[in-house]
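Throughout, read-outs are computed from the coordinates displayed, never taken from laboratory work. Values in this document were obtained by computation on a predicted structure and should not be read as measured data. For neighbour counting, all protein chains shown are included, and Cβ atoms are generated from backbone atoms with ideal geometry for every residue, glycine included.
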Amino acid sequence: MTNVCENGNAKKILIVSYSYSGNTHRIAKEIRMAVGGDSYTIFPWQPYPMEFSELLRQVKEEVKTKYRPRLLPVNVVSANYDIIFAGSPNWCGTIAPPLYSWLYYSKLDGKIILPFVSHCGGTQGDIQKDISRLCPKSEVRETLYVLDSTLDDGRTFPDLLARWLEKNQIPHKKKGKENDDKRLV
Ligand SMILES: Cc1cc2nc3c(=O)[nH]c(=O)nc-3n(C[C@H](O)[C@H](O)[C@H](O)COP(=O)(O)O)c2cc1C
């Protein structure tokens, strides 16, 4: 577990994510390589349909009703962490219901939440606002929106990630470089 220091106080990092088709997990993996910490994958109890029109119909309904799906047993204690990176695909302009459930049921008061989403260039929504509503006693920072088609070009995503981490004063290791580990959160 990597500790980020703020005035000598250790900050513990958790990277939690849900991914339907793998893109968000790729982002989570890069974040972990850059900042360290622990990572955790969310799984809904009932997997989502494979067929797109069925999936879309279900997701639209769940988003509209703010449905909180049951998750597979969660074996992470959010109380042990100070900074939570929370990732999801963008589904209908917001986070996917499994992350919604996890955020809703975890005790995140007083924690810093850094949302990140994978998307295809459609409706962006305001994910920072959605999570702030869900976790009103957390400090929810600006969302990292990653266009999924840029994940493979080797340049756009690493640059975007580095800028976002710098803006949030999160010490991070740049690809192929030493950890510039001296700043504050
Ligand atoms: C049901 C559904 C709804 C989606 N809604 C949006 C959307 O509103 N805006 C957008 O940009 N992309 C949307 N997408 C595209 C996904 O966000 C995108 O493919 C993302 O990279 C998938 O991430 P994943 O591989 O982690 O599941 C949607 C995809 C699905 C399956």
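Quick rundown of the values:
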quantity: Cut-off under 5 Å, modelled amide H: who pairs with Leu144 long-range; calculated: Phe116, Val117
quantity: Residues Lys64, Lys129, Lys12, sorted so that the one with the fewest Cβ neighbours within 10 Å comes first; calculated: Lys64, Lys129, Lys12
quantity: The chain: most fluctuating residue of Gln169, Gln124, Gln46 per GNM, C-alpha cutoff 10 Å; calculated: Gln46
quantity: Phe43 versus Lys60: modelled label distance in nm, points set 7 Å from Cα along the beta carbon direction; calculated: 3.0 nm
quantity: Centre separation in Å (Cα based) which lies between region 158-172 and region 13-28; calculated: 17 Å
quantity: Karplus-derived 3J(HN,Hα), 6.51/-1.76/1.60, for each residue of region 10-25, Hz, glycine and proline x; calculated: 6, 10, 9, 10, 10, 10, 10, 8, 10, 9, 8, 10, x, 5, 5, 5
quantity: For Glu139, distant residues with modelled amide H under 5 Å away; calculated: Gly110, Lys111, Ile112, Ile113
quantity: Leu160-Lys12 FRET efficiency (beta carbon distance; Förster radius 30 Å; 0.05 resolution); calculated: 0.75
quantity: Relative compactness, region 73-137, computed as alpha-carbon Rg over 2.2 N^0.38 Å; calculated: 1.10
quantity: Scattering curve values for region 44-185, log₁₀ I(q)/I(0), Debye with Cα scatterers, q = 0.10, 0.12 Å⁻¹; calculated: -0.38, -0.55
quantity: Residue-by-residue Karplus 3J(HN,Hα) for region 118-127, coefficients 6.51, -1.76, 1.60, Hz, glycine and proline x; calculated: 9, 8, 10, x, x, 3, 8, x, 10, 6
quantity: Net charge contributed by nearby residues that have their C-beta within less than 14 Å of Val16 (K/R +1, D/E -1); calculated: +3
